[in-house]
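Okay, so here's the structure we're looking at.
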Amino acid sequence: MRKHFQILEELKKNEEFVRSAYFEVYLIFRYLFPFLCIAYIPFALLDWRDFLQDYTNLPLMIYNSIFLPGCLLFTILLNFPILGNDFKTRKWVAVAATTFLTFSGTAMNLIIFKFGTDLSLFAFTQLGIAVLLRYPDMTKTLIYMLNYAVFLFCLFYLDRASSFLIQNFSFMLIMTVLMDRISFLTKVNSFHKEQSIRELNRKLVMESVKKSEILRIAIHDLKSPVTGILSLVGLYTREPSPALSLDHLGKSYVEPPEVLDHIDRTSRKILESIEDILFLASSSLESETIEGKSQNLNPELLLRSVASNLDFLFSSKHIRIEDELSGFPFAFYANPQILYRVFDNILSNAAKFSPPGSRILLSSKLRETLEENVLLIYIEDSGPGFQPQDEKDMFREFSILSAKPTGPESSSGIGLALAKKLLDRMGIRIRLSNSDRTEGARVLLEFPQSKAK
């Protein structure tokens, strides 16, 4: 309790807290007054009917002629802010609405006093205001205290101040003050929690930005030694053979040993992985990057080219490529380098999870509709496929699925996440499932012809 009152003292001077509290009251009245205006009309009509039969209820008619137009006026002011929409205007409209509503309840109770000594309407109005409207200052307290003062004066003036009424009146006053403080403390508590959550979110965002920056720096630092390895391998493979004569010095070079060839390929794969992580950790996925060098291309021809360039990878595991691509004269507008990267990623994954001596099936189909033609490209491997538990993590960054590489390859969990982001930007839909033909994983890519230019 002490902590809450300390927070209360701090928030009284918090401009954001004051604005949010008044705006909350303003919103409540925006919905409350139209309802009161509509709901009171039938009762006002009944009062007019009774007044035409018995002219003794003039005070009630005066009350109706003030209350209904007042509700209509505040409905207009709150929902159609003709006076302005700034904080000061909203604040004073909310204060005026509170004053009008509380004194309307007090006046109604005084008017019906002659029919009995019931304080329920007055109590309902004051308690309702105390609980419902969570003002950030003493404005509401001042308003309902004025109502209690007016009502107490009228009790004595109308000679209704019996012991029973005074006891009820005093109890209502205590309850109103108590409910007022409780509602205020709940507002303080909720606002404090919201502030804490916002501050925590801000810290999490800052931590995420900081980690991304560290990741980018680390990856950039890794690129230099890998590039150096590639340069050294390149220098060795370009070095002239000392066994050759000077006449042939500029024409013949030493054949690179198999181990150097392996180093070269491995280094290039590491460099590609670094580039993949950079794509995920930076703003390289902006539309300008995707559209920058885009052109009309045939996805099937590009896929065949990628498969041909990965022949060394497939042959190392004795995996055969079965090409059933249909060769449709299909044009798609995309960045060839980025689409090449996606195809390379998917085919490398297919080889990684397929056992030695298996097959990878490439096929295509043209789906013709009234709106447009869509080229469907299927890439199906012979690996273990996807398990039900993989579904939620298929495109999540750095998530490792159930399938394990069948060779010495490693899995970083970024390939599918990167492919999905790139394909989404190019307007290509990717679907993952299990293949009925190869009993492994199946990747379906949908290329809408509307992307051709």
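The values are calculated or read from the model by the stated rules, or taken from the named source; none is laboratory data. Computed from a prediction, not measured in an experiment: that's the story for all the values here. We place every Cβ from the backbone using ideal geometry, glycine too, and count neighbours over all the protein chains shown. All accessible areas refer to the heavy atoms of the entire protein, side chains included, with ligands and DNA or RNA removed. Shrake-Rupley method; radii C 1.70, N 1.55, O 1.52, S 1.80 Å.
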Out of residues 5 or more away from THR438 or on other chains, whose amide H comes under 5 Å of its own, with H placed 1.01 Å from N in the peptide plane? none
Whose amide H sits under 5 Å from the amide H of SER354, counting only residues 5 or more places off or on another chain, with H placed in the peptide plane? THR406
Accessible surface, 1.4 Å probe, highest first, among residues PHE51, PHE164, PHE312, PHE124: PHE124, PHE164, PHE312, PHE51
Report the rotationally averaged projected area of region 91-139 based on its alpha-carbon convex hull, in square nanometres. 3.4
Using a 1.4 angstrom probe on the protein heavy atoms only, could you order ARG198, ARG429, ARG181 from most to least accessible area? ARG429, ARG198, ARG181
What one gets for region 27-168 as the Kirkwood radius, inverse of mean 1/r over different Cα pairs in Å, is 16.5
Stick to Cα atoms and the Kirkwood definition of Rh, then tell me Rg/Rh for region 48-89. 1.28
Cα-based Rg of region 132-174 normalised by 2.2 N^0.38 Å, two decimals: 1.34
First compute the accessible area of region 307-358 with a 1.4 Å probe, then give the percent of it belonging to carbon and sulfur atoms. 54
Apply the Karplus parameterisation 6.51 cos²θ - 1.76 cosθ + 1.60, with θ equal to phi minus 60°, to every residue of region 50-57 and state each ³J(HN,Hα) to the nearest whole Hz, in sequence, with x for glycine and proline. 5, 5, 5, 8, 9, 7, 7, 9
Phi-derived 3J(HN,Hα) across region 423-438 with the Karplus relation (6.51, -1.76, 1.60, θ = phi - 60°), rounded Hz, x for Gly and Pro, is 5, 4, 5, 8, x, 9, 9, 10, 10, 10, 7, 9, 8, 7, 8, 10
In nm, to one decimal, how far is the MET394 label point from the SER315 one, both placed 7 Å along Cα→Cβ? 3.4
Tell me which residues come under 5 Å, amide H to amide H, from ARG429 once H is placed; ignore anything under 5 positions away on its chain. GLU446
Can you give the accessible area of LYS365, probe radius 1.4 Å, in Å² rounded to 10? 100
The simple spin-label model distance between GLU368 and SER162, using points 7 Å out along Cα→Cβ, in nm, is 9.3
